[in-house]
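Written out below as structure tokens is the structure these notes cover.
The values are calculated or read from the model by the stated rules, or taken from the named source; none is laboratory data. Since we're looking at a predicted model, the values are computed, not measured. Please note: Cβ atoms are built from the backbone with ideal geometry, for glycine as well, and neighbour counts cover all protein chains shown.
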Amino acid sequence: MKKTLFLCSRNKLRSPTAKAIFSDIKDWEAYSAGMSKDADIPVSVEDIEWADYIFVMEKSHKRKPQNKFGHAIKGQLVICLDIPDNFVYMDEKLIDILQAKVPKLVH
């Protein structure tokens with residue numbers, strides 16, 4: 001089972017979209033959370049410990065999991081997808097980008 005954690009700023013648009021599209025794939029589990037304090041679902045240490053793969057949407061997010069939860073990161077890579085915050089939830093173009101990038105990075 002591949003456990004993928006998707007992180008964006010507030011867990012409203014990009015990471016919930018990723019969770020929705022990758023939750024339906026056989027042998028994958030997907031979860032999403034936000035990096036900011038006012039996120040709908042803020043990322044927790046348990047989320048970091050659970051994940052095999054940690055995907056962030058922007059370069060500005062890349063160091064945040066390490067800075068906040070470094071003790072919980074045990075070999076997982078924090079992978080930046082370089083997806084800007086200009087998409088709505090389940091935007092077709094966002095889905096296309098996620099489907100093009102993520103499966104290539106999950107082994």
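Can you give me the number of residues within segment 8-43 that are under 13 Å from the mean Cα position of the chain (by Cα) and not small (Gly, Ala, Ser)? Quick ask: steps written out before the conclusion?
Here is the first cut: in segment 8-43, the ones under 13 Å from the mean Cα position of the chain (by Cα) are 8-23, 29-35, 41-43.
Filter once more, keeping what is not small (Gly, Ala, Ser): 8, 10-14, 16-17, 19, 21-22, 29, 31, 35, 41-43.
Summing the residues that are under 13 Å from the mean Cα position of the chain (by Cα) and not small (Gly, Ala, Ser) in segment 8-43 gives 17.
Screening Tyr53 with (1) closer than 17 Å to Met90 by Cβ; (2) among the aromatic types (Phe, Trp, Tyr); (3) within 9 Å of the chain's Cα centre (by Cα) gives one miss only, at (1).
Which residue is modelled with the highest pLDDT, if the candidates are limited to segment 57-77 and must be touching a helix residue (DSSP H, G or I) at 6+ places or on another chain (Cβ under 7 Å) and under 17 Å from Lys19 (Cβ atoms)? By that ranking, first place goes to Met57.
Check whether at least one residue in segment 21-33 is out of contact with any helix residue (DSSP H, G or I) (no Cβ under 8 Å at 6 or more places or on another chain), under 20 Å from Met1 (Cβ atoms) and part of a helix (DSSP H, G or I), and report yes or no. Scanning segment 21-33 turns up no residue that is out of contact with any helix residue (DSSP H, G or I) (no Cβ under 8 Å at 6 or more places or on another chain), under 20 Å from Met1 (Cβ atoms) and part of a helix (DSSP H, G or I). Checking each residue in segment 63-94 for being under 13 Å from the mean Cα position of the chain (by Cα) and charged (D, E, K, R) picks out Lys64, Asp82.
Take Ser60 and tell me if it is surrounded by fewer than 22 Cβ atoms within 10 Å (Cβ to Cβ), polar (S, T, N, Q) and within 11 Å of the chain's Cα centre (by Cα). Let's see the steps before the verdict.
Numbers: surrounded by fewer than 22 Cβ atoms within 10 Å (Cβ to Cβ): yes; polar (S, T, N, Q): yes; within 11 Å of the chain's Cα centre (by Cα): no.
In short, no.
Among the numbered conditions (1) surrounded by fewer than 14 Cβ atoms within 10 Å (Cβ to Cβ); (2) out of contact with any Leu (no Cβ under 8 Å at 6 or more places or on another chain); (3) not basic (Lys, Arg), the only one that Leu7 does not meet is (1).
Is at least one residue of segment 34-53 crowded, with 16+ Cβ neighbours inside 10 Å and basic (Lys, Arg)? No, that holds for no residue.
Would you mind stating whether Lys37 is free of Cβ contacts under 8 Å to residues at least 24 places away in the same chain, assigned to a helix (DSSP H, G or I) and not hydroxyl-bearing (Ser, Thr, Tyr)? Show your work before the answer.
Numbers: free of Cβ contacts under 8 Å to residues at least 24 places away in the same chain: yes; assigned to a helix (DSSP H, G or I): no; not hydroxyl-bearing (Ser, Thr, Tyr): yes.
Against the criterion (free of Cβ contacts under 8 Å to residues at least 24 places away in the same chain, assigned to a helix (DSSP H, G or I) and not hydroxyl-bearing (Ser, Thr, Tyr)), Lys37 does not qualify.
Against the numbered list (1) outside any helix (DSSP H, G or I); (2) crowded, with 16+ Cβ neighbours inside 10 Å; (3) out of contact with any helix residue (DSSP H, G or I) (no Cβ under 8 Å at 6 or more places or on another chain); (4) of a type outside the set (Lys, Arg), Ile97 comes up short only at (1).
I'd like the residue in segment 10-20 that is touching a residue at least 40 places away in the same chain (Cβ under 8 Å) and buried (at least 18 other Cβ atoms within 10 Å of the Cβ) and, out of all such residues, is nearest to Pro65 (Cα to Cα).
Ser15
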